Amino acid sequence: MRLLVRRDTGEGYEEFLRRLAQASGIATPTREQLAKLDRQRTKKGSNDDWVNPHDPEAGITKMKDGRTHLAYKAEHAVDLETGAVVAVTVATGEAGDTETMLETLPQAGENIAEVACATNHEEVGERVDPAGPAEAVADKGYHSNDTLVALKEAEVRAYISEPDRGQRQWKDKPEAQAAVYSNRRRIQGEHGKRLLRRRGELLERSFAHAYETGGMRRVYLRGRNHVLKRGLIHVGALNLSLVMRKLVGKGTPRGWQDYSANAVLVLLRLWMALLAEAEETFALPSEATPEFPAHVTILLLPAAE
């Protein structure tokens with residue numbers, strides 16, 4: 001917060017607090033007095049008044065633990081069938097969920113269309129639907145009249161959890177009423193409940209991979225494009241792990257730790273099965289007993305550390 005300056009005058013945050021302290025009767029305020037004065041102020045972090053000159057795209061954001069930081073808001077669009085992340089967007093920290101969703105879904109549609117053009121051909125058929133997402137599943141933070149109306153116009157079925165807003169007034173809002181009631185009917189059905197459960201399983205997994213184990217809760221980068229590039233690298237690693245797990249059964253470094261030992265055991269079992277089958281089907285060309293080597297040497301590879 002000490003790096004912030006006012007948009008209108010360019011005054012620093014600490015200078016602003018000292019001026020307030022002097023106006024309240026404290027001639028030479030200490031740092032503790034400035035911190036106490038700052039805690040007592042209300043509405044002190046408006047992005048309309050303050051900006052970081054070194055990172056103007058970052059927004060003043062209140063975290064879930066109550067602290068205030070300059071932050072960005074990352075959003076993922078995940079395929080609920082495979083768990084693959086199909087789109088990543090980064091917005092300023094003060095952007096609401098209802099605003100960023102209308103940016104993430106079109107980005108997901110563009111990415112899906114590009115994948116469909118690259119993978120769909122006559123030999124394999126249509127692997128990916130080029131029409132883009134047909135259903136959108138989200139939590140109650142994304143629920144709003146404008147969002148549901150926009151999804152309905154885009155012919156995307158919404159499955160968004162509805163917060164408790166009490167009795168709603170629908171005067172002169174027939175389109176919003178129809179969209180909200182349709183969404184409410186869908187989330188109460190078995191298909192909607194199953195999609196919401198899948199969302200909690202797969203979507204949160206991508207966030208845990210990128211921001212918890214990936215260490216992106218706090219980044220030392222400036223600029224939204226740089227933060228987006230870093231997020232794309234982490235999400236690309238997640239999608240690559242899904243491909244590796246599909247091909248070889250191992251998708252994480254921890255899963256590969258015992259892979260060498262397991263591979264040796266599999267080869268030994270295969271070798272023993274081949275010897276047993278060869279012994280049963282072995283036909284002697286004459287009555288003479290064939291000569292076998294006195295010793296058989298089996299080379300075992302050490303397991304990866």
Original post:
In segment 46-66, is there at least one residue being over 18 Å from VAL227 (Cβ atoms) and of a type in the set (Val, Ile, Thr)?
Top reply: no
Original post:
Any chance segment 94-102 includes a residue that's touching a strand residue (DSSP E or B) at 6+ places or on another chain (Cβ under 8 Å), closer than 19 Å to VAL227 by Cβ, at pLDDT below 90 and outside any helix (DSSP H, G or I)?
Top reply: yes
**OP:** Would you be able to say whether some residue in segment 147-166 is exposed (fewer than 12 other Cβ atoms within 10 Å of the Cβ), β-branched (Val, Ile, Thr) and assigned to a loop (DSSP other than H, G, I, E, B)?
**Re:** no
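Report whether or not ALA158 is modelled with pLDDT under 90, closer than 28 Å to THR82 by Cα and not β-branched (Val, Ile, Thr). So that I can check it myself, show each step before the final result.
Details: modelled with pLDDT under 90: no; closer than 28 Å to THR82 by Cα: yes; not β-branched (Val, Ile, Thr): yes.
The answer is no for ALA158.
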**OP:** Tally the residues that are loosely packed, with under 13 Cβ neighbours inside 10 Å and either in a helix (DSSP H, G or I) or touching a Pro at 6+ places or on another chain (Cβ under 7 Å) (or both), restricting the search to segment 205-228.
**Re:** 3
**OP:** Restricting attention to segment 261-287, report how many residues are small (Gly, Ala, Ser) and modelled with pLDDT under 65.
**Re:** 2
**OP:** Would you confirm whether any residue within segment 20-32 is surrounded by 10 or more Cβ atoms within 10 Å (Cβ to Cβ), outside any helix (DSSP H, G or I), polar (S, T, N, Q) and under 33 Å from the mean Cα position of the chain (by Cα)?
**Re:** no
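Do the conditions hold for LEU37, that is, is it surrounded by 14 or more Cβ atoms within 10 Å (Cβ to Cβ), more than 35 Å from the chain's Cα centre (by Cα) and either farther than 24 Å from ALA58 by Cα or among the small types (Gly, Ala, Ser) (or both)?
Details: surrounded by 14 or more Cβ atoms within 10 Å (Cβ to Cβ): yes; more than 35 Å from the chain's Cα centre (by Cα): yes; either farther than 24 Å from ALA58 by Cα or among the small types (Gly, Ala, Ser) (or both): yes.
For LEU37, the condition - surrounded by 14 or more Cβ atoms within 10 Å (Cβ to Cβ), more than 35 Å from the chain's Cα centre (by Cα) and either farther than 24 Å from ALA58 by Cα or among the small types (Gly, Ala, Ser) (or both) - is met.
If I filter segment 117-131 for residues that are surrounded by 18 or more Cβ atoms within 10 Å (Cβ to Cβ) and over 24 Å from LEU221 (Cβ atoms), do I get at least one hit?
So in segment 117-131, the residues surrounded by 18 or more Cβ atoms within 10 Å (Cβ to Cβ) come out as none.
Scanning segment 117-131 turns up no residue that is surrounded by 18 or more Cβ atoms within 10 Å (Cβ to Cβ) and over 24 Å from LEU221 (Cβ atoms).
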Original post:
Do you know which residues across segment 81-90 are at pLDDT below 90 and in contact with an Asp or Glu (Cβ under 9 Å, 6 or more places away or on another chain)?
Top reply: GLY83
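The values are calculated or read from the model by the stated rules, or taken from the named source; none is laboratory data. Keep in mind the model is a prediction, meaning the values are calculated, not measured. Don't worry about glycine lacking a Cβ; one is built from the backbone with ideal geometry, like all the others, and counts go over all protein chains shown.
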